[in-house]
Every structure is written in structure tokens, then in C-alpha cells.
Amino acid sequence: MSLTTERTGVAPRRTAEEVARAEARTAHNYHPLPVVLSEAEGAWLTDVDGRRFLDFLAGYSALNFGHGHPRLLAAAHAQLDRLTLTSRAFVHDRFADFCAALGDLAGKDMVLPMNTGAEAVETAIKVSRKWGYDVKGVPDGTARIIVAAGNFHGRTTTIVGFSDDPDARGGFGPFTPGFDIVPYGDLAALEAAITPSTVGVLIEPIQGESGVVIPPDDYLPGVRALCTREQVLFVADEIQAGLGRTGRTFACDHADVVPDLYVLGKALGGGVVPVSAVVGDRDVLGVLHPGQHGSTFGGNPLACAVGLKVVEMLRTGEFQAHAAALGVVLHDRLAAMVGHGVVSFRSRGLWAGVDIDPTLGSGRDVCERLMARGVLAKDTHGSTIRLAPPLVISADDLGWGLDRLEEALR
Ligand SMILES: *Cc1c(COP(=O)(O)O)cnc(C)c1O
């Protein structure tokens, strides 16, 4: 755990060069921390100047199984030598196994594989509308979907159109109509917003980008009951919250709630390839017929081989159990920091949103201080930072990283 180079606060030569080269030749749609990574294993990353960093972000949950997990790499390597891409014009021999395994993990009949999270959300929107017209009987062209304030569902024009984050939507209109925004966690507001035209309620069971916002205990069961009563699809975006992050397979599991559609991504690709999916029963996903939706890369052999291994790893429950056990440590350590640089926090499993005392600087400032101490984390909004270490992190490493956070808040 000792760091190989001394930390002076001044970026070493190769780091400074690579940051400048990247700045010069890429659109500035990100503001990355000035660290240039070149290798990683498990929860640890190494940069071009030989410095080591503990990963407290895990690719926003895309790296739930850490960097270079041997079982995932073996699955990817084996598939690379066999077959990588066919398009869905043909069937390949990894496709049925992946869909069956993922469907079983979610307790659902059918899987529709895509690539990125945003594509899976778009898929869920299309499926909800089509279900509304074909099954519920909503007049054509009038379907509405209810979403929550503070949502983050991706970056396509339709999706940012129902975001209430001015950075995400500003300058990108006109937007797709048909969405209604209600306050997150507010059942009465949701109930009031449902009309005969409502076909779906699309929410995150825990809002990640908003700062790991956990709704009241009765919220998800209440959403389920309302959707059932009003004949509306409950669409749970578990792209960041799902697949072990919270200590359960799905964040909805904590509330014993089963949505009509799970929207999955990020960790489904094992940190190797982008893999996303919409998972649901035949009475919903069955509304799609040939030619009505698709993706050249969706469900490709490499994605299916890696995704199948991810599902197999989750099936044993070991990663969920580890996340739940270390989640207690994370929670208790953060609780002890309240009043000592931390104003408040929310956590579930190995996932926390930490509101920093604004007099200590912005969330970005704290992340820079963490980086100088060998921990990589990311601010979300203002003075909130998100902690989401890989689920393979050891108790010792987690403790070491939290010691660094304590230091950074002094
Ligand atoms: C990251 C994320 C998305 C978008 O996924 P991409 O792969 O970046 O398109 C959608 N929903 C949630 C909740 C996310 O965290």
C-alpha cells in the first residue's frame, strides 16, 4: 500500500504532458482530475509516473468487480479467439445463455441487450410507449412517462430533455415531448401526476448522480402499488444502483419490490465492454416485433460472454455479501466524520454520497486533496462527493482510503 513516488502536489512530467495533450485535442465535455492512468488491478490503479491510487469511484459502478478481474478477463480472452461480432441478423452461440442467465437473475422472462446505459433507457422508453398503445390502449401519440426531479438517465437528446439539471439540458433543445417530472420520493405527487395517458414511471431506486439520494422506505413499495393499481409500467433504472453495489443484486431488493422493467448497464459489462439490457416479462417486452428496434452491437458475442460471466459471479451472492459487510464499515466511518468536515451523508452498501462542509472547499477541491493522498473519487454536485469503490476492495484498503478522506477533511 505504500506509494512509489513522493507526492508534492505538482504534477510530474509525464502527467503534465499527457493532460495538456488531451486538453488540446478533445472536446472539453469532461473536467477530469489531472491524473493519467496506465495500469490497474483490483481496486488499485497506477499512473504514467508510477504513482498508485486506490479507486474510490469504480467507473461510476461500471467496475463493480474491480480492474482486470481474472474470471472476466478469461471469459473475454477466450471469446476474442472464437467470435466477436455477428450482428443480430444471425444468432450466435453465446446469446441464449446470456439472455437466459440474466433473465433468471432478475426473475424475468426476457432480455433485450443493448450497449450503453442511455440506449437501454431509450429502449425502455420505446417499449413503455409501445406497451401503452398496444396493451393499455392509450390513443396513438399521446403516451406520457413520469420521471423524477434530480434524475440522471444518460445523455441522449430525449433523455436530457427530461432532466432538470441545467448543465445536462441547456443548449440541446428542442426536446422530445411526453414526460412529466415529479419530486423524487414523493408518493402523493406521483399519484397526482398519473393520468389515463400515463404508460410508465421511470425512476432510479437510488439516485446516483444526484448524490446517492435514498428515497423514504415506503417509496418504492408505494410506486409499485400505484403502478399496479393504475396499469402503468414501473421502470427501474438500476444502471448504477444494481448488480451488487448496494449489497443486494438490485437496489429494489432492499424494498422487496419487483419493477416491470429493469434497466441495467455499467457493471453488466464487467469493466471490459459496454453491455446494457432491458429485462422484463413477455407481456411487456413481447410488444416488440422484428424491425421495430435494434442495435448493430447489442448482444454481440464478446458482450454476451462477459455479461454471462458477470451474471455467474453475481449468482453466488458473494459480491453482494462483501458489499453489504463492508458497507457497514463505510457507514460507521462516515458517521464518525459527521461534524468533522462531513455535514451529512447517505450510504447503502459500498456506495455513499458525502456532503462536505462547504467551508473546506468544493467537492472538487476535496477530490483533488484525496488524489494527492492516493485516492481517486469524484464530486457530483457542489460539495457532494460520491464514494463507490470496487466491490472487490479489501477491508484494509477501504479503511486506508477512509483514513485519507479524514485527512483531506482536516
Ligand atoms: C450512467 C447512467 C446511465 C447512462 O449510462 P451510459 O452508459 O453512460 O449511457 C443511465 N442511468 C443511470 C442511473 C446511470 O447512472
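What to note about this one:
- Verdict on K108 being in the same structural domain as V213 (by TED's automatic domain parsing), closer than 30 Å to G211 by Cβ and more than 16 Å from the ligand (Cβ to nearest atom): yes
- Qualifying residue in the range 114-123 (condition: under 19 Å from the mean Cα position of the chain (by Cα) and among the acidic types (D, E)): yes
- Residues of the range 156-198 satisfying the condition of being closer than 23 Å to G280 by Cα and surrounded by fewer than 15 Cβ atoms within 10 Å (Cβ to Cβ): P196
- Residues that are open to solvent by 10 Å² or more (accessible area, probe 1.4 Å) and within 10 Å of the ligand (Cβ to nearest atom) within the range 199-217 comprise E204, E209, S210, listed in sequence order.
- Residue match in the range 74-82 (condition: touching a Lys or Arg at 6+ places or on another chain (Cβ under 8 Å), open to solvent by less than 20 Å² (accessible area, probe 1.4 Å) and within 16 Å of the ligand (Cβ to nearest atom)): no
- Of the residues making up the range 346-370, those that are within 30 Å of T249 (Cα to Cα) and open to solvent by less than 40 Å² (accessible area, probe 1.4 Å) are S347, G349, L350, W351, A352, G353, V354, D355, I356, G363, C367, L370.
- Listed by first and then second residue, the pairs with beta-carbon distance under 6 Å, at least 6 apart or on different chains, first residue in the range 67-90 and of a type outside the set (A, V, I, L, M), second open to solvent by less than 70 Å² (accessible area, probe 1.4 Å) and assigned to a loop (DSSP other than H, G, I, E, B), are T86/H92.
- Residue match in the range 86-102 (condition: open to solvent by 50 Å² or more (accessible area, probe 1.4 Å), assigned by TED's automatic domain parsing to the domain that holds V279, in a helix (DSSP H, G or I) and among the basic types (K, R)): no
- Among residues of the range 62-106, those that are out of contact with any Asp or Glu (no Cβ under 9 Å at 6 or more places or on another chain) and on the phi > 0 side of the Ramachandran plot, counted: 1
- Residues of the range 111-133 classified as surrounded by 20 or more Cβ atoms within 10 Å (Cβ to Cβ), more than 9 Å from the ligand (Cβ to nearest atom) and over 17 Å from A303 (Cβ atoms), total: 8
Okay, residues lined up against (1) outside any loop (DSSP other than H, G, I, E, B); (2) within 16 Å of the ligand (Cβ to nearest atom):
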| residue | (1), (2) |
| --- | --- |
| A168 | yes, yes |
| P177 | no, no |
| I181 | yes, yes |
| E191 | yes, no |
| P196 | no, no |
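- Number of positions in the range 249-294 that are over 11 Å from T123 (Cβ atoms), away from the ligand (no atom under 13 Å from the Cβ), small (G, A, S) and surrounded by 22 or more Cβ atoms within 10 Å (Cβ to Cβ): 1
- The range 226-247, residues that are more than 16 Å from the ligand (Cβ to nearest atom) and within 27 Å of I356 (Cα to Cα): G247
- R410 being assigned to a loop (DSSP other than H, G, I, E, B), open to solvent by 20 Å² or more (accessible area, probe 1.4 Å) and of a type in the set (K, R): yes
- Looking across V310, V223, one residue alone is aliphatic (A, V, I, L, M), touching a strand residue (DSSP E or B) at 6+ places or on another chain (Cβ under 7 Å) and away from the ligand (no atom under 12 Å from the Cβ). It is V223.
The values are calculated or read from the model by the stated rules, or taken from the named source; none is laboratory data. Remember, predicted model here, so these are calculated numbers, not experimental data. Cβ coordinates were reconstructed from backbone atoms using ideal geometry, including for glycine residues, and neighbour counts include every protein chain displayed. Accessible surface areas use protein heavy atoms only, side chains included; no ligands, DNA or RNA. Shrake-Rupley method; radii C 1.70, N 1.55, O 1.52, S 1.80 Å.
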